[in-house]
Amino acid sequence: MSKTVTTNTQTTTEPNGAGEGSAAEPNGDAEPVDYKAKYEEAIGHSRTWEQRAKDNKAAADELTQLKEAQKTDEQKRQEREAERDRELAELKAEKLRAEVAEAKSDPEKGIHVPAKLLRGSTREELEASADELIKFKGDPAEKQRVVVRREATAGANSKTNPAREAKRGWLQSLLGDND
């Protein structure tokens, strides 16, 4: 095979392997890559697409204004009504979540159910969600008993563990603490 090299005004054919693999040109490329030019070209393309996007945004805004102007009063009223209905439904759902969270919370036992964590659309679904949260969190009184037991066990081990007492004695002798 032969390699065809085209320059500005000349076309030459070189035998296979000629001009490739020389010490100065590891890939056999005749010209070094101009990365600055490639970068400038990429920036130019970026600017072109940025301008096109701005033009499209302006056209989309104009189309939206045109459609809004063509709407009848009845259509505008229906849209406002639909928006109010959606907001009312959201407020009712939020109120229901707050009611269920308050009913399931018990401050005396240390049980608090955050309304924001409840999921569901009906009272039954919200109550089931609250029950799952309480179950997941566990009984606060039980957790306190476990902590107390661990603290009592840790105190007893430190007094009866001979290896720990030896380390403590060695440390006290280094620090000069005779307590």
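Descriptive notes on the structure:
- From the list Arg97, Arg119, the one residue that fits, being surrounded by 14 or more Cβ atoms within 10 Å (Cβ to Cβ), touching a helix residue (DSSP H, G or I) at 6+ places or on another chain (Cβ under 6 Å) and not in a strand (DSSP E or B), is Arg97.
- Criterion: modelled with pLDDT of 85 or more, among the aliphatic types (A, V, I, L, M) and over 31 Å from the mean Cα position of the chain (by Cα) - qualifying residue of Ala98, Ala103, Ala154: Ala103
- Residue that is surrounded by the fewest Cβ atoms within 10 Å (Cβ to Cβ), among those in region 29-55 that are in a loop (DSSP other than H, G, I, E, B) and of a type in the set (A, V, I, L, M, F, W, C): Val33
- Close contacts from region 94-115, counting a first residue that is not assigned by TED's automatic domain parsing to the domain that holds Ala128 and a second that is of a type in the set (Asp, Glu) and surrounded by 14 or more Cβ atoms within 10 Å (Cβ to Cβ), with Cβ to Cβ under 8 Å and a gap of 6+ residues or different chains, come to none at all.
- Set Glu81, Glu124, Glu90: member being of a type in the set (Asp, Glu), over 30 Å from Glu68 (Cβ atoms) and either at pLDDT below 90 or in a helix (DSSP H, G or I) (or both): Glu124
The values are calculated or read from the model by the stated rules, or taken from the named source; none is laboratory data. No experiment lies behind these values; they were computed from the predicted model shown. Here Cβ is always computed from backbone atoms with ideal geometry, including for glycine, and neighbour counts include all displayed protein chains.
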